Amino acid sequence: IEAVNGEEAIKKFRENKDNISLLILDAVMPKKSGVEVYKTIKEIAPGIKAIFISGYSYELINKKFNGEEDLTVLAKPVLPQKLLTAIREKLQGAVSGLRTSKI
């Protein structure tokens, strides 16, 4: 399910929440940032998992959460295999070594 901006992402999540297990968010999005989207959706579905794709560092994004989240942040550009690995590991609950990576 694709959204063109943060507000649409929240709307589409509300409409499809029973079918979504993982969010893949850009840290910077129009209308609402990926961080704002994640925080809003987490209030709706506390167990939701997310992967952030960003040009910003893990540390900068983690700072937005006051270090309270177990974040997966992939650096842009992301190779498809790296994204697939992150998705598999995030859904399985084992996200080792994926804080930031750039190839």
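What do the square roots of 5 times the Cα gyration tensor eigenvalues come to for region 1-40, in whole Å, largest first, as semi-axes of the equivalent ellipsoid?
Equivalent-ellipsoid dimensions as semi-axes: 16, 10, 9 Å.
Starting from the amide H of MET29, placed 1.01 Å from N in the peptide plane, find each other amide H under 5 Å away whose residue is 5 or more places distant or on another chain.
HN-HN under 5 Å from MET29: GLY34.
Given LYS17/LYS82; LYS17/LYS90; LYS31/LYS63; LYS31/LYS82; LYS12/LYS49, which pairs have Cα atoms separated by over 23 Å? Show your work: numbers first, answer last.
Details: LYS17/LYS82 26 Å; LYS17/LYS90 18 Å; LYS31/LYS63 21 Å; LYS31/LYS82 28 Å; LYS12/LYS49 16 Å.
Too far apart for the 23 Å limit: LYS17/LYS82; LYS31/LYS82.
I need the peptides 27-38, 77-88, 2-13 ranked by packing, meaning the mean over residues of other C-beta atoms within 10 angstrom, with the highest value on top. The partial results should precede the final answer.
Working: 27-38: 18.4, 77-88: 13.2, 2-13: 16.2.
Sorting 27-38, 77-88, 2-13 by mean packing, highest first, produces 27-38, 2-13, 77-88.
All of the numbers you see were taken from the coordinates with simple rules; none came from a lab. The structure displayed is predicted, hence computed values, not measured ones. Every residue, glycine as well, gets a Cβ built from its backbone with ideal geometry; the counts of neighbours run over all protein chains shown.
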